[in-house]
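I have placed the structure first, in the form of structure tokens, so that the comments after it can refer back to it.
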Amino acid sequence: FAFVMVGNTSIFFNMRQVKQKQYSTIRDKSRSVMMFLDQYIGELPTLEGVDQHYLMDLLQNISSGLSLDVNLYSLDGYLLSSSRPLIYNYNIIGKRMSAEAFKLLHYNNSNMVIVNEQFGNLKYLAAYFMIYNWENELIGYVNVPFFISSDELASETSNFIVVMINIYLIFVLAALFITVILIRNLTKPLRLIQNKLSGIRLEGKNERIEYGQNDEIGDLVKEYNRMVEELTRSAEQLAVNQRKLAWREMARQIAHEIKNPLTPMKLNLQLLQRAKASGSEDFDAILHKTANSIIEQIDNLSRIATEFSNFAKMPEALPEKINVLEPLQDAVQLFKNSTHAHIHLHVNTHEQSWIYADRKQLLQVFNNLIKNAIQAIPHNQKGKVDVVLDDGPETVTVSIKDNGKGMDETIQDRLFEPSFTTKSSGMGLGLSIVKNIVLLANGKIWFTTGQAGTTFFVELPKLKDGTQ
């Protein structure tokens, strides 16, 4: 906008100066013509009846000396003589002087006027002035056309525009270069803040930004650093709260599971005491039954302790190169004789699927998932469990699908969390242990569920050239 405004203003003033210069030149040359004419025809009382050859020779001499065309008009504006008579004789140009000039000279009493005229496609300036005799009487009008004035104006204006564009182009390029440098310097801390903001994580340590200048960006950096500190404190407090909640939940679940077998044990002992005190005749039978019940509850407590111990301290994995089909077949064979469900193994590969994992832990994974699939099938329904092995280009996927009733939405999100229960549905520590084993083998585990049953998927990376 500034370039256009300054450019138009500069062109306007340049054109005005050129025109003023041209008008000044026209006036100077017109005065020279006036001096010549005054010298040779100033003594004449009138131009009427003057020899035409004399006037023509006079005008041609002036034209030759000043390199100008000169036309002489009578008081009524009719051509008397010209330094170029042919263009008038052949009616190329009319013999009447410019009406505009005649009006300005005759009616407005102007001594000299400069008007725009056109000859064909040629536009030019023409000066008109009055000629007086020595008696100061008006005897005629003189016209001096300047055919090169428009070309000079266009040429000078064009040259000025070219020079101005070149200068402004240099200024614009310099301004762009300086602007790019300034923008980079201004946006560098903003990009740094952007990168830091995009890298903020709730877990781990977030880095502060070091910025020494005390400006608007410095205020933004201070707010960012304050936010990082608050986020760090909040994350630490959240971690502490989560650990507290986890231990509370664990303690509550363990206490609940321990109380379950303790209650029947207490009732059985009390029954035994009453039978002894009353001298019951079938005391031996009651003792035998009570002892068996207590032993069963003790076994239940032992199983709870063992399951919790396995979860709290996973045994160290001993990974090796194994064919995933072998532990999968062992797990299927273990539950092959189940009366509650039919187990069927589908192997969609003709090659051995080599992976790098702990064989015993992998067998534990398959055992747990198949057991959970069997337990998820209602007792009044004919059970079916499909175990499928798919061998892909980079991974091996094992899917275990049951035809149970599926899982409720309320437990799906917490399925792999340790809930420390020992329900027969298998949604306690078993799946948490399974997930840990799969993650240690760099694998993935997920599930899909619906009214037609639940399918668990275990994906493990294949060995490539004998390595993971």
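The values are calculated or read from the model by the stated rules, or taken from the named source; none is laboratory data. This structure is a prediction, so every number in the text was calculated from the model and none was measured. Cβ: placed from backbone, ideal geometry, glycine included. Neighbour counts: every protein chain shown. For the accessible areas, the whole protein counts, side chains as well, though only heavy atoms, and no ligand, DNA or RNA atoms are used. Shrake-Rupley method; radii C 1.70, N 1.55, O 1.52, S 1.80 Å.
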Per the filter on region 334-390, residues among the polar types (S, T, N, Q) and in contact with a Leu (Cβ under 9 Å, 6 or more places away or on another chain) are ASN348, THR349, GLN352, SER353, GLN361, ASN367, ASN368, ASN372
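Here are LEU68, LEU55: which of them is closer than 20 Å to LEU125 by Cα and touching a residue at least 24 places away in the same chain (Cβ under 8 Å)? If you could, list the steps in order and put the result at the bottom.
On the way: LEU55 fails: closer than 20 Å to LEU125 by Cα.
Answer to the selection: LEU68.
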The correct count of residues that are under 18 Å from GLN375 (Cα atoms) and part of a loop (DSSP other than H, G, I, E, B) in region 439-455 is 2
Top-ranked residue in region 96-123 [being surrounded by 12 or more Cβ atoms within 10 Å (Cβ to Cβ) and of a type in the set (Gly, Ala, Ser); ranked as farthest from SER30 (Cα to Cα)]
SER98
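In region 395-404, is there at least one residue being more than 17 Å from VAL438 (Cα to Cα), out of contact with any Asp or Glu (no Cβ under 9 Å at 6 or more places or on another chain), free of Cβ contacts under 8 Å to residues at least 24 places away in the same chain and not in a strand (DSSP E or B)?
At the first step, the residues of region 395-404 found to be more than 17 Å from VAL438 (Cα to Cα) are 401-404.
Now drop any that are not out of contact with any Asp or Glu (no Cβ under 9 Å at 6 or more places or on another chain), which leaves 404.
The next check asks that each one be free of Cβ contacts under 8 Å to residues at least 24 places away in the same chain; those that pass are none.
Scanning region 395-404, I find no residue that is more than 17 Å from VAL438 (Cα to Cα), out of contact with any Asp or Glu (no Cβ under 9 Å at 6 or more places or on another chain), free of Cβ contacts under 8 Å to residues at least 24 places away in the same chain and not in a strand (DSSP E or B), so the answer is no.
Would it be correct to say that ASN268 is modelled with pLDDT under 75 and in contact with a helix residue (DSSP H, G or I) (Cβ under 9 Å, 6 or more places away or on another chain)? Write out each step before concluding.
On the way: modelled with pLDDT under 75: no; in contact with a helix residue (DSSP H, G or I) (Cβ under 9 Å, 6 or more places away or on another chain): yes.
When the stated conditions are applied, ASN268 does not pass them.
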The conditions are (1) in contact with a Gly (Cβ under 9 Å, 6 or more places away or on another chain); (2) open to solvent by 50 Å² or more (accessible area, probe 1.4 Å), and SER74 fails exactly one of them. Which is it?
(2)
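Okay, residues lined up against (1) in contact (Cβ under 8 Å) with a residue 40 or more places away in the chain; (2) hydrophobic (A, V, I, L, M, F, W, C); (3) open to solvent by less than 80 Å² (accessible area, probe 1.4 Å):
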position: PHE13; (1), (2), (3): no, yes, no
position: GLN17; (1), (2), (3): no, no, no
position: GLN20; (1), (2), (3): no, no, no
position: VAL33; (1), (2), (3): yes, yes, yes
position: ASP38; (1), (2), (3): yes, no, yes
position: GLU48; (1), (2), (3): no, no, no
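Of everything in region 124-141, what is open to solvent by less than 40 Å² (accessible area, probe 1.4 Å) and over 60 Å from the mean Cα position of the chain (by Cα)? Give them in sequence order.
As a first pass, look at region 124-141 and keep what is open to solvent by less than 40 Å² (accessible area, probe 1.4 Å): 124-131, 133, 139-141.
Matches in region 124-141: LEU125, ALA126, ALA127, TYR128, PHE129, MET130, ILE131, ASN133, ILE139, GLY140, TYR141.
Could you check region 341-369 and list, in sequence order, the residues that are assigned to a loop (DSSP other than H, G, I, E, B) and open to solvent by less than 40 Å² (accessible area, probe 1.4 Å)?
The initial filter retains those residues of region 341-369 that are assigned to a loop (DSSP other than H, G, I, E, B), namely 349-353, 358.
THR349, SER353, ASP358, listed by residue number.
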Hey, can you tell me all the residues within region 307-331 that are modelled with pLDDT of 70 or more, exposed (fewer than 11 other Cβ atoms within 10 Å of the Cβ) and not charged (D, E, K, R)?
LEU318
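Would you check if there is a residue in region 47-57 being under 13 Å from LEU138 (Cα atoms) and not β-branched (Val, Ile, Thr)? Steps first, please.
As a first pass, look at region 47-57 and keep what is under 13 Å from LEU138 (Cα atoms): 47-48.
Filter again for not β-branched (Val, Ile, Thr), leaving 47-48.
Yes: one or more hits.
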How many residues does region 213-228 contain that are open to solvent by 50 Å² or more (accessible area, probe 1.4 Å) and in contact (Cβ under 8 Å) with a residue 12 or more places away in the chain?
1
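Step by step: first the residues of region 77-93, then only those that are aliphatic (A, V, I, L, M) and under 22 Å from LYS123 (Cβ atoms), then the one that is most open to solvent (accessible area, probe 1.4 Å). Which residue is that? Please lay out each step first, then the result.
Pass one, region 77-93, residues aliphatic (A, V, I, L, M): 79-80, 86-87, 92-93.
Filter once more, so that each one left must be under 22 Å from LYS123 (Cβ atoms): 79, 86-87, 92-93.
Numbers: LEU79: 22, LEU86: 112, ILE87: 48, ILE92: 93, ILE93: 39 Å².
By that ranking, first place goes to LEU86.
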